[in-house]
1. Applying the selection to segment 79-114, what residues are open to solvent by less than 60 Å² (accessible area, probe 1.4 Å), assigned to a loop (DSSP other than H, G, I, E, B) and modelled with pLDDT of 95 or more?
2. Working only within segment 37-51, note down all residues that are in contact with a Lys or Arg (Cβ under 9 Å, 6 or more places away or on another chain) and either open to solvent by 30 Å² or more (accessible area, probe 1.4 Å) or part of a loop (DSSP other than H, G, I, E, B) (or both).
3. Any residue in segment 1-30 that's within 18 Å of ALA80 (Cα to Cα) and open to solvent by 20 Å² or more (accessible area, probe 1.4 Å): show its pairings with residues that are among the basic types (Lys, Arg) and not in a loop (DSSP other than H, G, I, E, B) at Cβ separation under 9 Å, as long as the two are six or more apart or on different chains.
4. Given (1) open to solvent by 20 Å² or more (accessible area, probe 1.4 Å); (2) among the hydroxyl-bearing types (Ser, Thr, Tyr); (3) at pLDDT 95 or above, where does THR64 come up short, assuming only one miss?
5. Picking from ASP31, ASP72, which residue would you name as being in contact with a Gly (Cβ under 6 Å, 6 or more places away or on another chain) and closer than 16 Å to PHE101 by Cβ?
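The values are calculated or read from the model by the stated rules, or taken from the named source; none is laboratory data. Everything numeric in this text was worked out from a predicted model, so none of it was measured. Neighbour counts are summed over all protein chains in view; Cβ atoms, including those assigned to glycine, are modelled from backbone coordinates with ideal geometry. The area values use the complete protein model at the heavy-atom level, side chains included, leaving out ligands, DNA and RNA. Shrake-Rupley method; radii C 1.70, N 1.55, O 1.52, S 1.80 Å.
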Amino acid sequence: MGRLLLVSLPATGAIIYRCKHCDTHLAYDTDIVARTFRCKNGKAYLFNRIVNVNVGSKDDRMMTTGLHTVCDIFCVACGAILGWKYLVAFDKGQRYKEGKFILDRSTALAARDAAAAAHAHADRGHNHHARVTSSADDDDPSDDEDDQHM
């Protein structure tokens with residue numbers, strides 16, 4: 001068995017999404033395209049880029065916004081299914097999704113890195129914690145776009 005190569009996202013002060021099972025870095029919040037997506041487990045976010053994932057087999061899936069060719073994405077460290085990658089959108093209006101990733105929010109934790117969290121709390125005169133979770137999940141479910149499997 002070979003060595004596992006993980007990408008560690010550098011501390012930028014941005015929130016980093018991590019696998020909830022093994023804490024592997026996945027993406028920055030600055031790579032979020034939309035927070036209004038849904039999947040079978042609830043909230044999902046559309047990302048431009050995600051790291052430390054393996055892709056599964058291509059699959060044509062009928063979703064609420066039409067037919068898409070997608071492949072599931074899995075954490076490279078623990079193998080947990082995290083969401084999917086859009087390969088093809090058959091509807092012209094959905095083509096903006098091609099090459100982008102859906103991250104199921106039930107599979108990921110959003111946190112600032114320890115240094116950024118310490119700096120943010122020091123600026124406000126508070127005690128620091130190693131992690132500060134994001135409140136970006138407080139979306140109104142009434143504007144949720146769509147793409148849960150039918």
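1. Keep residues of segment 79-114 that are open to solvent by less than 60 Å² (accessible area, probe 1.4 Å), which gives 79-80, 82-89, 93-94, 97, 99-108, 110-111, 113-114.
Imposing the further condition that a residue be assigned to a loop (DSSP other than H, G, I, E, B) reduces the set to 79-80, 99-100, 113.
Those that are open to solvent by less than 60 Å² (accessible area, probe 1.4 Å), assigned to a loop (DSSP other than H, G, I, E, B) and modelled with pLDDT of 95 or more: GLY79, ALA80, GLY99, LYS100.
2. Scanning segment 37-51 gives ASN41, LYS43, ASN48, ARG49, ILE50.
3. The qualifying pairs are HIS25/ARG18.
4. Looking at each condition in turn, THR64 falls short on (3).
5. Details: ASP31 fails: in contact with a Gly (Cβ under 6 Å, 6 or more places away or on another chain).
Only one candidate passes the filter, namely ASP72.
Listed here are the residues, each with its yes/no results for (1) among the charged types (D, E, K, R); (2) over 11 Å from the mean Cα position of the chain (by Cα); (3) at negative phi.
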{"position": "TYR45", "(1), (2), (3)": "no, no, yes"}
{"position": "VAL55", "(1), (2), (3)": "no, yes, yes"}
{"position": "LYS58", "(1), (2), (3)": "yes, yes, yes"}
{"position": "VAL70", "(1), (2), (3)": "no, yes, yes"}
{"position": "VAL76", "(1), (2), (3)": "no, yes, yes"}
{"position": "LEU82", "(1), (2), (3)": "no, no, yes"}
